[in-house]
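See below for the structure under consideration.
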Amino acid sequence: MDLKETLLSSYLAFDAQDGPQRKLQDERAAAIEVFEQQGFPTIKQEDWKYTSLRTLTKTHFSVFPKEDVNLKLEEVKQYILQDVDTYKIVFVDGVYNAYLSETTHDGVDVCLLSAALTKRKFAPVIKKYFNQIADKEASLTALNTAFTKEGAYIYVPEGKVVEKPVQIIHFATDKNPNMILQPRNLIVLEKNAEIQIVERHQSLTAEATFSNVVTEIFTEQNAQLDYYKIQNDNVEATLIDSTYISQQKHSHAKVHTFSFGGKLTRNNLNFYHKAPEINSTMKGITLIEGKQFVDHHTLVHHAQPNSESHQDYKGIYAENATGVFNGKIIVEKEAQKTNAFQQNNNILMDDKASINTKPQLEIFADDVKCSHGCTIGQLDEDALFYLQSRGIPKKEARGLLTYAFANNVLQSVQIDSVKKRINKLIANKLGVNIGFDV
Amino acid sequence: MLSIDNLHAGCEGKTILQGINLDVKAGEVHAIMGPNGSGKSTLSTVIAGHEEYNVSQGSILFNGDDISELSADERAHLGIFLSFQYPVEIPGVSVTNFIKTAINQNRKAKGLDDMPANEMLKKIREKAALLEIDSRFLSRSLNEGFSGGEKKRNEIFQMAMLEPKLAILDETDSGLDIDALRIVANGVNKLKGKDNAIVVITHYQRLLDYIVPDFVHVLHEGRIVKSGTKDLALELEEKGYDWIKQGA
């Protein structure tokens, strides 16, 4: 049985189960139909041209965990930001782990989607927002919808600034090998609300894992979102992340994606403008080696006037690593005075590393500023010589130049603890220990 | 200190240096002059150890040891410093962080721990003051958007921080106005001592008014065709290089 068939037959069992999924029967039934028709994307589709899921679909994965797992804090401490006070929503093999979590209902709801689905007081929010911005025709998003049961639920009421960042962390363990995890996150920021979120998926098993994540985010008028995705998983982990952000007037949504590891990582990051005068920022650093694969597909849909979007992605690919960057910007006819900026710079450290980069601009308005640029190069030999001539050995010199190359993306990171963590991960990846306190 | 014997070297299959002989002892200042394309910058680059340059014949000894197989950073650890004619711009690395990294990597090579932060700061302040560099400059990205004069001053600042045994100054005077020239020369003269040597590469005599050489050599077509005292520099200033070219 290939993965599609496994999933379709598992759906029947999942659908028959009593649980929070009962509340979403209609959405789920429609979604499984979309997935059944479309199946997994193939490289024949333009959006998946460079990203083959063939191996994934031939791998056995199961939907249901066999046993409950208790993790000790000591075992996973290194994956959780510790030097900053945060709310935490932690899942182990897809199941909420209360012991590692710290949720709240005190003026803001930071809790579980399963709870939000079943409690009456959340029903209006679910009705208004759930599955409203996610692409219903995208097969993997539909697959996630069909199996929606659990995830993070965050609701920030009007004017509320959430003082502590929220960490959303998923662990996969060897107690439930070969799991497909399909968390579904719903995040709503009402007018003038602000939040910082850090998301991470971490496999603790040497077996294959597959996470098919969908996150819907709504930023109402003047809301501020600051979101960080830390992707540093092991070489058997596949992550497909589809994030949909719906923005209202004067809202600013920022997403930083740090992709440092995994077998295959695909980020679908979509911003939809529902009003004028909106700001969207997406930045990323990709630093991979071995046979790892990272694909960034971004979309900014400018639909109304006077909005801005800013994209800056840096990629460093070593050994046989492969990257994809596809940045799509749509500027509708009404979206005059749009200012859209896109930059993708890449360094290939070795002959066999590769990157496919493609800006995709569809502009229907005539009074807009859209700039895009992509570069692919190697480290500058003259710069290396300059550093070495000051006594900095080649390895460290390469490290320093690579770090410098990616540095401007780090400068906009607002949580010190995240910045420190990323600095450390980069230093470890480059195998150098030099003062990265630029 | 530096002993170059019959050095033939070049890059991309082209031999640019055609048998250089040069002997620099501790405490000495040597000036190397010569027309464009005579091989002056190649000589400094080869001594500093650029990987793309190959030595095909001859030897370079530093304190008696052959250094021609050493990498540029290993040469730096021995105390060789090159002030670049065209310092490379490195966005994203501040002047301070760069020099800290360089100092600590040099210490590491000698088996020493990192320099304590307060000591480092004190040294940076002291050397910056010597070169009349203000603190805002130190937090800028290395050489990015620097004027010609700022770049050269930054090179000599690095030299002052690293305190090399042998400093090679490749056209450090180019792009400098007269005030900057005085500041830079002052910085170089502070390094001068009985244990250090300086090789000044220049087109013009004017830097040599400030950094007075013990010996002047004229390079032409990859060879030293004439050597003398500082009077030779004055003679070149007056007569140009043509008479040298003809003589050679």
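Residues in region B:182-218 that are touching a residue at least 60 places away in the same chain (Cβ under 8 Å) and among the basic types (Lys, Arg): B:Lys190, B:Lys192, B:Lys194. Out of A:Thr104, A:Thr55, A:Thr42, one residue alone is under 21 Å from A:Asp174 (Cα atoms) and surrounded by fewer than 18 Cβ atoms within 10 Å (Cβ to Cβ). It is A:Thr55.
Residues checked against (1) of a type in the set (Phe, Trp, Tyr); (2) over 23 Å from A:Lys136 (Cα atoms); (3) assigned to a helix (DSSP H, G or I):
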{"residue": "A:Met1", "(1), (2), (3)": "no, yes, no"}
{"residue": "A:Leu8", "(1), (2), (3)": "no, no, yes"}
{"residue": "A:Tyr11", "(1), (2), (3)": "yes, no, yes"}
{"residue": "A:Phe14", "(1), (2), (3)": "yes, no, yes"}
{"residue": "A:Asp18", "(1), (2), (3)": "no, yes, no"}
{"residue": "A:Gln21", "(1), (2), (3)": "no, no, yes"}
{"residue": "A:Val34", "(1), (2), (3)": "no, no, yes"}
{"residue": "A:Thr55", "(1), (2), (3)": "no, yes, yes"}
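Please indicate, with yes or no, whether at least one residue in region B:73-89 is facing another protein chain (nearest Cβ under 8 Å), in contact with a helix residue (DSSP H, G or I) (Cβ under 8 Å, 6 or more places away or on another chain), surrounded by fewer than 20 Cβ atoms within 10 Å (Cβ to Cβ) and over 17 Å from A:Leu384 (Cα atoms). The answer is no; no qualifying residue exists. Within the option set B:Glu51, B:Glu28, being within 19 Å of the chain's Cα centre (by Cα) and loosely packed, with under 14 Cβ neighbours inside 10 Å holds for one residue only, B:Glu51.
Starting from residues that are facing another protein chain (nearest Cβ under 7 Å) and of a type outside the set (S, T, N, Q), keep the ones in region A:382-391 and report whichever is surrounded by the fewest Cβ atoms within 10 Å (Cβ to Cβ).
Restricting to residues being facing another protein chain (nearest Cβ under 7 Å) and of a type outside the set (S, T, N, Q), the top hit is A:Asp382.
Going by the conditions given, is A:Val418 over 30 Å from B:Thr45 (Cα atoms), more than 14 Å from every other protein chain (Cβ to nearest Cβ) and either under 24 Å from the mean Cα position of the chain (by Cα) or not in a helix (DSSP H, G or I) (or both)? For A:Val418, the condition - over 30 Å from B:Thr45 (Cα atoms), more than 14 Å from every other protein chain (Cβ to nearest Cβ) and either under 24 Å from the mean Cα position of the chain (by Cα) or not in a helix (DSSP H, G or I) (or both) - is met. Answer yes or no: is there a residue in region B:108-118 that is modelled with pLDDT under 95, within 14 Å of another protein chain (Cβ to nearest Cβ), within 30 Å of B:Ile244 (Cβ to Cβ) and more than 21 Å from the chain's Cα centre (by Cα). No.
Just one of (1) more than 9 Å from chain A (Cβ to nearest Cβ); (2) assigned to a loop (DSSP other than H, G, I, E, B); (3) more than 22 Å from B:Met161 (Cβ to Cβ) fails for B:Gly27. It is (3). What residue, among those in region B:136-176 that are within 12 Å of chain A (Cβ to nearest Cβ) and on the phi > 0 side of the Ramachandran plot, is surrounded by the fewest Cβ atoms within 10 Å (Cβ to Cβ)? Applying the filter and picking the extreme gives B:Glu163.
Any idea which of A:Leu379, A:Leu410, A:Leu361 is without any contact (Cβ under 8 Å) to a residue 40 or more places away in the chain and within 13 Å of chain B (Cβ to nearest Cβ)?
Numbers: A:Leu410 fails: without any contact (Cβ under 8 Å) to a residue 40 or more places away in the chain; A:Leu361 fails: within 13 Å of chain B (Cβ to nearest Cβ).
Being without any contact (Cβ under 8 Å) to a residue 40 or more places away in the chain and within 13 Å of chain B (Cβ to nearest Cβ) holds for just one of A:Leu379, A:Leu410, A:Leu361, which is A:Leu379.
Only one of B:Ala109, B:Ala102 is within 24 Å of B:Ile168 (Cα to Cα), crowded, with 17+ Cβ neighbours inside 10 Å and out of contact with any strand residue (DSSP E or B) (no Cβ under 9 Å at 6 or more places or on another chain). Can you tell me which?
Details: B:Ala109 fails: crowded, with 17+ Cβ neighbours inside 10 Å.
Result of the check over B:Ala109, B:Ala102: B:Ala102.
Which fully enclosed helices (runs of 4 or more DSSP H) of region B:128-222 have 3 or more residues being within 20 Å of B:Thr101 (Cα to Cα)?
Values: elements: B:135-138, B:148-162, B:178-191.
Output list reads B:135-138, B:148-162.
Checked against the criteria, A:Phe258 counts as touching a residue at least 60 places away in the same chain (Cβ under 8 Å) and either of a type in the set (Lys, Arg) or crowded, with 24+ Cβ neighbours inside 10 Å (or both).
Name the residue that is nearest to the other protein chains (Cβ to nearest Cβ), counting only residues in region B:33-60 that are assigned to a helix (DSSP H, G or I) and within 22 Å of A:Gly391 (Cα to Cα).
Filtering region B:33-60 for residues assigned to a helix (DSSP H, G or I) gives B:40-48.
Narrowing the set further to residues that are within 22 Å of A:Gly391 (Cα to Cα) leaves B:41-48.
On the way: B:Ser41: 13, B:Thr42: 13, B:Leu43: 14, B:Ser44: 10, B:Thr45: 8, B:Val46: 12, B:Ile47: 10, B:Ala48: 5 Å.
Ranking the qualifying residues of region B:33-60, first place goes to B:Ala48.
Specify which of the listed residues (B:Leu112, B:Leu61) is without any contact (Cβ under 8 Å) to a residue 40 or more places away in the chain and among the aliphatic types (A, V, I, L, M). The conditions single out B:Leu112.
A Cβ distance below 7 Å, combined with a sequence gap of six or more or placement on separate chains, defines the contacts here; from region B:68-93, residues that are farther than 21 Å from B:Ser141 by Cα reach residues that are buried (at least 21 other Cβ atoms within 10 Å of the Cβ) and of a type in the set (Ser, Thr, Tyr) in the pairs B:Ala72/A:Ser389; B:Ala76/A:Ser389.
Listed here are the residues, each with its yes/no results for (1) at pLDDT 95 or above; (2) closer than 25 Å to A:Gln336 by Cβ; (3) not hydrophobic (A, V, I, L, M, F, W, C).
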residue	(1), (2), (3)
A:Phe210	yes, no, no
A:Glu220	yes, yes, yes
A:Tyr228	yes, no, yes
A:Ala237	yes, no, no
A:Asp241	yes, no, yes
A:Gln248	yes, yes, yes
A:Phe271	yes, yes, no
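Of the residues making up region A:401-419, those that are farther than 15 Å from A:Leu379 by Cβ and either at pLDDT 90 or above or buried (at least 21 other Cβ atoms within 10 Å of the Cβ) (or both) number 10.
Looking at A:Tyr317, is it in contact with a helix residue (DSSP H, G or I) (Cβ under 9 Å, 6 or more places away or on another chain) and crowded, with 21+ Cβ neighbours inside 10 Å? No.
Please go through region B:90-107 and give me each residue that is among the basic types (Lys, Arg) and facing another protein chain (nearest Cβ under 7 Å), ordered by number. Can you show your working first?
Our first condition is that a residue be among the basic types (Lys, Arg); within region B:90-107, this holds for B:100, B:107.
The one that is among the basic types (Lys, Arg) and facing another protein chain (nearest Cβ under 7 Å): B:Lys100.
When you scan region B:117-126, do you find a residue that is crowded, with 20+ Cβ neighbours inside 10 Å and in contact (Cβ under 8 Å) with a residue 12 or more places away in the chain, even just one? It would help to see each step written out before you state the result.
Here is the first cut: in region B:117-126, the ones crowded, with 20+ Cβ neighbours inside 10 Å are B:124.
Keeping just the survivors that are in contact (Cβ under 8 Å) with a residue 12 or more places away in the chain gives B:124.
Yes, region B:117-126 contains at least one residue that is crowded, with 20+ Cβ neighbours inside 10 Å and in contact (Cβ under 8 Å) with a residue 12 or more places away in the chain.
If you go through region B:202-227 and keep only what is more than 15 Å from B:Asn21 (Cβ to Cβ) and either more than 19 Å from the chain's Cα centre (by Cα) or among the aromatic types (Phe, Trp, Tyr) (or both), you end up with B:Tyr204, B:Tyr210.
Residue count for region A:392-405 under the criterion of being at the interface with chain B (Cβ under 8 Å from one of its Cβ atoms), of a type outside the set (A, V, I, L, M) and assigned to a helix (DSSP H, G or I): the result is 4.
Could we say that A:Gly399 is more than 29 Å from A:Thr298 (Cα to Cα) and outside the structural domain of A:Val198 (by TED's automatic domain parsing) here?
On the way: more than 29 Å from A:Thr298 (Cα to Cα): no; outside the structural domain of A:Val198 (by TED's automatic domain parsing): yes.
Taking the combined requirement at face value, the residue does not satisfy it.
Residues of region A:287-303 being among the small types (Gly, Ala, Ser) and under 23 Å from A:Asp367 (Cβ atoms), which ones? Show your work before the answer.
Within region A:287-303, the first condition is being among the small types (Gly, Ala, Ser), and the residues that meet it are A:290, A:303.
A:Ala303, the sole residue that qualifies.
Quick check: anything in region A:306-324 within 20 Å of A:Ile43 (Cβ to Cβ), small (Gly, Ala, Ser) and modelled with pLDDT of 95 or more? Yes, region A:306-324 contains at least one residue that is within 20 Å of A:Ile43 (Cβ to Cβ), small (Gly, Ala, Ser) and modelled with pLDDT of 95 or more.
Against the list (1) out of contact with any strand residue (DSSP E or B) (no Cβ under 6 Å at 6 or more places or on another chain); (2) modelled with pLDDT under 90; (3) within 19 Å of B:Gly39 (Cα to Cα), the condition B:Leu176 fails is (3).
The values are calculated or read from the model by the stated rules, or taken from the named source; none is laboratory data. These numbers come from a predicted model, not from an experiment. Cβ atoms come from the backbone with ideal geometry, glycine included; neighbour counts cover every protein chain shown.
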